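Structure first, then comments.
Just so it is clear, none of the values below were taken in a lab; they were calculated from the coordinates. Bear in mind the structure is a predicted one, so any value in this text is a computation, not a measurement. Here the Cβ is made from the backbone with ideal geometry for all residues, glycine too, and neighbour counts use every protein chain on show.
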Amino acid sequence: MSIRSNLPTGVFIGSHAVAGGVLTAKELRASSYRRLVQGVYADPGLPFDHRLRCRGVALLLPPGAAIGGRSAAGWYGAPSAGVNDPVTVLRPPTVQWKGPRGIRVHRSDLSPDEVVEHDHAPVTSALRTAWDVAALEPLATAVATLDGMVRSGALDASALTVLAAGRTGRWGVSRVRRAFALIDPRAESAPESWVRVALVLAGLDPVPQHEIVVDGRFLARVDFAWPEAKVALEYEGAYHFDGVQILRDDARYSALVAAGWTVVRISAADLRNLDSVVERVRMAVAGRRQGQKWPFRP
């Protein structure tokens, strides 16, 4: 008998399928079903990502617990957590549950009105998710996640301000307020958010997605700019290395240089050392402000 016809969601607890006679224990072990966490499996035809793992974990949750934090944020337009990242679960203090390996359990007060259902899984609401992301995650990761949630329309930035202002004394409020203050939905990707946070913390507040107009003619939109110094920073994602895109980008950068701009170009490899990126930008901005002769080489 095909398990797919009996489990419409494509995600199931192995022992339940065996007990129900859908398949035998031997068939489960020998089959191509993908194990999501201990005891939970999925149809191999389903996309294997963090959300699928969340759906698997949801089958194990006790009443009152929910998928939360960065794991829940994927339902609200945020960049998805990695497929191998732990699934974040929130449980009220009255619920005693640790879960299997691969789950990060956070104990916190959680009211029923802070939980909604997505894909047959209990998931924290957008506002509650934002709070927990800001309180639990490293600052750059939290801001990138929150940027995505606001950019998608799942969150209203003004509602976050009200939320943070009204929860003085709550655990994590200082971390939450710091992250909320750095939200900027103009970031178009998580790497852009990470870079922006590093720059802002270094005192180099950029203008994101700045449009450069020369003599009334649109020249380019750059990821980050310091217009008064005529310095731009561009993050080149994987799409940049497409043959046609490389030619387009190089032509655009040449036009910017001809118009008197310094362009600092970074790639994914540079994300491993954001201090170096910050220093390159600092040198470029300082050099232009000090009137160094063009071309300046950051």
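Sorted from fewest to most neighbouring beta carbons within 10 Å, what does the list F12, F180 look like?
Details: F12 25, F180 20.
Arranged by neighbour count, lowest to highest, F12, F180 become F180, F12.
Longest exposed-loop-site-free stretch of the chain, with trypsin sites (Lys or Arg not before Pro), DSSP loop and at most 10 other Cβ within 10 Å? The partial results should precede the final answer.
Numbers: sites that count: K98, R101, K293.
For trypsin sites (Lys or Arg not before Pro) (loop position, at most 10 other Cβ atoms within 10 Å), the longest site-free span of the chain is 102-292.
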With x for Gly and Pro, the residue-by-residue ³J(HN,Hα) of the stretch 47-58, computed from phi through the Karplus equation 6.51 cos²θ - 1.76 cosθ + 1.60 at θ = phi - 60° and given in whole Hz, is x, 8, 9, 5, 5, 5, 5, 4, 4, x, 4, 4
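Which of rounded, prolate, oblate describes the chain, given a ≥ b ≥ c as roots of the alpha-carbon gyration tensor eigenvalues and a/c under 1.5 marking rounded, otherwise prolate only if a/b is larger than b/c?
Working: a/c = 3.07, a/b = 1.85, b/c = 1.66.
The shape class here is prolate.
Normalising by the residue count of the chain, find the relative contact order in percent from Cα pairs under 8 Å and 6+ residues apart.
Numbers: 446 pairs, mean separation 31.0, N = 298.
Taking the mean separation of contacting Cα pairs over the length of the chain, I get 10 percent.
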Interchain or sequence-distant (5+) residues whose placed amide H lies within less than 5 Å of the amide H of L219 are I212, V213, V214
Applied in sequence order to the stretch 183-198, the curve 6.51 cos²θ - 1.76 cosθ + 1.60 (Karplus, θ = phi - 60°) yields integer Hz couplings, x standing for Gly and Pro, of 5, 8, x, 5, 4, 9, 6, 4, x, 5, 5, 4, 5, 4, 4, 4
Sites removed, the longest contiguous part of the chain containing no DSSP-loop GluC sites (Glu not before Pro) with at most 16 other Cβ within 10 Å is 1-187
For the chain, the charge dipole (Cβ of Lys, Arg +1; Cβ of Asp, Glu -1; about the Cα centre) points to a positive end, and the Cα of L61, P185, L201 closest to that extreme belongs to L61
Taking a ≥ b ≥ c as the square roots of the Cα gyration tensor eigenvalues, with a/c under 1.5 meaning rounded and otherwise prolate when a/b beats b/c or oblate if not, the stretch 95-145 comes out oblate
Under the Karplus relation with 6.51, -1.76 and 1.60 and θ = phi - 60°, whole-Hz ³J(HN,Hα) for the stretch 60-70, x at Gly and Pro, equal 9, 5, x, x, x, 8, 7, 5, x, x, 4
Quick shape check on the stretch 128-251: root eigenvalues a ≥ b ≥ c of the Cα gyration tensor, a/c under 1.5 is rounded, otherwise prolate if a/b tops b/c, else oblate, and it reads prolate
Distance in Å, no decimals, from the C-alpha centre of the stretch 130-145 to the one of the stretch 194-218 is 23
Spelling it out for V40: with amide H atoms placed in the peptide plane at 1.01 Å from N, the residues 5 or more places away or on another chain with amide H under 5 Å from its amide H are G14
